[in-house]
Amino acid sequence: MDITLHNEDFFDSVGRVADASVDLVIADPPYGLGKDYGNDSDRRFGEAYLEFSRRWIDAVLPKLKPNASLYVFLSWQYAPEVFSYLKTKLLMVNEIIWDRRVPSMGGSTRKFSSVHDNIGFFAASRDHYFDLDSVRIAYDAATKKARTRSIFVGKKWLEVGYNPKDVWSVTRLHRQDPEREDHPTQKPLAIVERMVLASSPPGGLVLDPFMGSGTVAVAAAKHGRRCVGFELNPDYFATAGQRVAACAREDLFSSCSDANAAPGPLTSALGTEVG
């Protein structure tokens, strides 16, 4: 396992990452909504937020390999502007809608309730790495039975499953979810795993500039990728370290599900490598 986590500001420390070394960037930056991350990182609005977005994008671009990919989580408020800027630098492959499957419980009376996040999928070239077979979704038995006509016999897609669509319906992490950590915008592991599997080769390097609770690092560790992550908040950094250490301990059992295990060795140091 080759996971390196830094309790440092990404902008101050991005030089630790070699140019043209990264296979995949998964960025979950502050959304500019004023959430409390223990600092003022989410208190940028309007042009200040867009300037911050351009800054981190420009910082990661030299780190990408020629066939690398980048995913970025955003909200509808700034996705159009950030996507437009990224399109001047990279090839836009998809806009993915994460349907958070929020139940119908009240909400605003002056607008439609927001229940999705925007995810931009970009690539450094048309020759970007993409392993569709690793993320196919299996057809259920009823569908297979309905498609037993001769024209479908022997079709690979019927056996291995279908290509995920660009709307991903994955329930957000509720407080009682066993995967949930003490982080206000933690992303489900299932979403990040799909990105890691599809867009990075085994042994490839994944970069997470805004690590939060460490979901990207856990997904990389679970699936045999290398990862380097940066996180300002020491509490979130400690949580990420605990989760990765738990994943390492449980590797013998092919499970990384116990995210609440006792702290591992990397949580007390800056940039400690877990391997």
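The values are calculated or read from the model by the stated rules, or taken from the named source; none is laboratory data. If you're wondering where the values come from, they're calculated on a predicted model, not measured in any experiment. Note that each Cβ is placed from the backbone with ideal geometry, even for glycine, and that neighbours are counted across all protein chains shown.
List of remarks:
- The helices (runs of 4 or more DSSP H) found wholly in region 8-111 and carrying at least 1 residues that are among the aromatic types (Phe, Trp, Tyr), over 23 Å from ARG126 (Cα atoms) and modelled with pLDDT of 90 or more occupy 10-13, 47-60.
- Of the residues making up region 89-137, just one is of a type in the set (Phe, Trp, Tyr) and either loosely packed, with under 11 Cβ neighbours inside 10 Å or over 18 Å from VAL196 (Cα atoms) (or both), namely PHE112.
- Neighbours by Cβ (under 8 Å, 6+ apart or cross-chain): first from region 54-66, closer than 11 Å to LEU90 by Cα; second surrounded by fewer than 17 Cβ atoms within 10 Å (Cβ to Cβ) and small (Gly, Ala, Ser): LEU64/ALA20; PRO66/ALA20; PRO66/SER125
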